[in-house]
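Scroll down for the structure; my scribbles are underneath it.
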Amino acid sequence: MLRPEIVDYYRQGGERDRLATGAGRLEFLRTWDVLARVLPAPPATVLDVGGATGVYAEPLARAGYRVRLVDPVPEHVAEAASRPGVTATMGDARALPAADRSADAVLLLGPLYHLLERADRVAVWREAARVVRPGGVVVGATISRFASLFDGFVKDYFSDARFRPLVDRVLVDGVHHNADASRTWFTSAYFHHPDELAGEVTQAGLVVRRRVAVEGPLWMTGPRLTEILASRELTALLLEMLRGVEDEPSLLGVSSHLLTVAGHR
Ligand SMILES: C[S@@+](CC[C@H](N)C(=O)[O-])C[C@H]1O[C@@H](n2cnc3c(N)ncnc32)[C@H](O)[C@@H]1O
């Protein structure tokens, strides 16, 4: 069972446009840039777990991949299923509705940061290990332990006294417990310390091939980021430069999102 506040949060429809502008746009462009280099060539089969409304699934289908999306939010699944080339079904990352070794790639761009218990996150990696073919790839997105601290200053969340205790707790154990959907500070989530990722993956029987900083610190640059993304040349430069430092371990904690690329031994 998914925590009710997580389902309520996503039923508000925020995922439709989240990646369209600003830091979300940077997250999309960088994630796409990494996927383009680590996924097997089309027409490989991609299982997009936690794929929401199909924001990655549709362009993957357009690129020639066979894409199946799994998500626990009915509105997400309905919208994803309406996209050309995308098959979408309801499901949970801990018990995937997919056969053993049926995918060339499994994307976990969402479930890992919404499961507060370590055993659940290991179960997600284990399911991905079951479903991905030998030689295939699993890509998992996580959110940095320090993201809410930085976001609190970028978006002035600290001006509400109720925000500070959430950050204090995250810094201790990674749990962002926000069960009140009326507040704008995301929903309940787990924010990983970069150093704990490998343990979850290896316990599930996979090996980590790479840990990639998605945005580095540039998601915090606000209006300047909007200016950069409005320029084709500056966006190309930004992507080129971030690609060059994406494996730098010291950037992992300042990046909002991290991608872990894993596979079978
Ligand atoms: C922030 S959205 C990310 C959507 C998209 N993959 C992306 O990267 O932009 C997180 C997604 O994870 C899904 N999710 C949360 N818990 C999940 C679980 N246990 N199993 C599968 N999906 C889950 C949510 O429904 C939501 O669509």
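Worth pointing out:
- Screening Leu251, Leu239, Leu229 for residues that are buried (at least 18 other Cβ atoms within 10 Å of the Cβ), closer than 22 Å to Leu19 by Cβ, at pLDDT 95 or above and not basic (Lys, Arg) leaves exactly one candidate, Leu251.
- Single residue of Leu47, Leu96 found to be open to solvent by less than 20 Å² (accessible area, probe 1.4 Å), more than 28 Å from Asp151 (Cβ to Cβ) and near the ligand (Cβ under 9 Å from one of its atoms): Leu96
- Among the residues of segment 130-164, those identified as surrounded by 14 or more Cβ atoms within 10 Å (Cβ to Cβ) and small (Gly, Ala, Ser) are Gly136, Gly140, Ala141, Ser144, Ala147, Ser148, Gly152.
- Qualifying position, being closer than 26 Å to Thr184 by Cα, more than 9 Å from the ligand (Cβ to nearest atom) and surrounded by fewer than 17 Cβ atoms within 10 Å (Cβ to Cβ), among Glu75, Glu79, Glu5: Glu5
- Looking across segment 8-22 at every residue that is hydroxyl-bearing (Ser, Thr, Tyr) and under 12 Å from Phe186 (Cα atoms), the one that is nearest to the ligand (Cβ to nearest atom) is identified as Tyr10.
- Residue match in segment 17-26 (condition: β-branched (Val, Ile, Thr) and open to solvent by less than 70 Å² (accessible area, probe 1.4 Å)): no
- Residue in segment 115-129 that is farthest from Asp195 (Cα to Cα), counting only those that are in contact (Cβ under 8 Å) with a residue 24 or more places away in the chain and open to solvent by 20 Å² or more (accessible area, probe 1.4 Å): Glu127
- In summary, strands (runs of 3 or more DSSP E) completely within segment 76-152 and bearing 3 or more residues that are at pLDDT 95 or above and more than 20 Å from Phe28 (Cα to Cα) occur at 86-90, 132-144.
Results for (1) at pLDDT 95 or above; (2) part of a loop (DSSP other than H, G, I, E, B), shown as yes or no for each residue.
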position	(1), (2)
Leu2	no, yes
Asp8	no, no
Ala20	no, yes
Leu26	yes, no
Asp33	yes, no
Leu47	yes, no
Thr53	yes, yes
Leu60	yes, no
Gly64	yes, yes
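The values are calculated or read from the model by the stated rules, or taken from the named source; none is laboratory data. Worth saying up front: this structure is predicted, and the values here are computed from it rather than measured. A quick note on method: Cβ atoms are made from the backbone with ideal geometry, for glycine too, and the neighbour counts reach across all protein chains shown. For the accessible areas, the whole protein counts, side chains as well, though only heavy atoms, and no ligand, DNA or RNA atoms are used. Shrake-Rupley method; radii C 1.70, N 1.55, O 1.52, S 1.80 Å.
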